[in-house]
Amino acid sequence: MVKGYYYYTGSAQKNLMQRIERHLRKEKKIHWHIDHLTTNKHASLKNIFMILSASKNEECDLGLKLRTIFGISNSLTGFGNSDCRNCETHLFHAKKRINHNHLLSLYQDIVLLKASSKV
């Protein structure tokens with residue numbers, strides 16, 4: 001593994017919390033591509049961002065945002081996207097950590113507040 005930060009996009013359409021709890025365990029049977037990273041003794045999990053109302057396609061859309069907005073590169077072709085025909089990978093690599101506040105802001109609703117004249 002090249003030193004840096006890895007970003008994986010995935011979707012757990014069912015049992016989200018159980019899936020995340022499984023990913024947090026170091027000891028487990030290798031089942032998904034991501035298991036190769038989460039069990040690696042040289043890698044540590046820093047953050048998990050969940051988009052609870054996301055569609056199945058959001059993992060692909062997020063990958064596109066990571067590449068275009070943040071300029072990070074594809075890491076390993078075919079990683080985590082065996083059920084996706086449009087993406088080269090769902091694993092991305094950056095030499096430096098991206099701005100997580102900027103990433104999260106992409107998923108916040110924008111609300112325009114107008115002052116009431118009845119105050």
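The values are calculated or read from the model by the stated rules, or taken from the named source; none is laboratory data. Worth saying up front: this structure is predicted, and the values here are computed from it rather than measured. Backbone-built Cβ (ideal geometry, glycine too); neighbour counts: all protein chains shown.
Below are the figures for this structure:
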item	result
Helices (runs of 4 or more DSSP H) within the stretch 20-119 that include 2 or more residues surrounded by fewer than 11 Cβ atoms within 10 Å (Cβ to Cβ) and at pLDDT 85 or above	100-105
Residues located in the stretch 1-22, provided they are in contact (Cβ under 8 Å) with a residue 24 or more places away in the chain and either β-branched (Val, Ile, Thr) or in contact with a helix residue (DSSP H, G or I) (Cβ under 9 Å, 6 or more places away or on another chain) (or both)	Met1, Val2, Tyr6, Tyr7, Tyr8, Thr9, Gly10, Ser11, Ile20
The stretch 1-19, residues that are among the basic types (Lys, Arg) and assigned to a loop (DSSP other than H, G, I, E, B)	Lys3, Lys14
Within the stretch 75-103, tally of residues that are in contact with a helix residue (DSSP H, G or I) (Cβ under 7 Å, 6 or more places away or on another chain) and of a type outside the set (Gly, Ala, Ser)	5
Scope the stretch 2-19; condition surrounded by 11 or more Cβ atoms within 10 Å (Cβ to Cβ) and on the phi > 0 side of the Ramachandran plot; matching residues	Gly4
Condition met for Ala43 (without any contact (Cβ under 8 Å) to a residue 40 or more places away in the chain and on the phi < 0 side of the Ramachandran plot)	no
From the options Thr68, Thr38, Thr89, Thr77, residue that is touching an Asp or Glu at 6+ places or on another chain (Cβ under 7 Å) and of a type outside the set (Gly, Ala, Ser)	Thr77
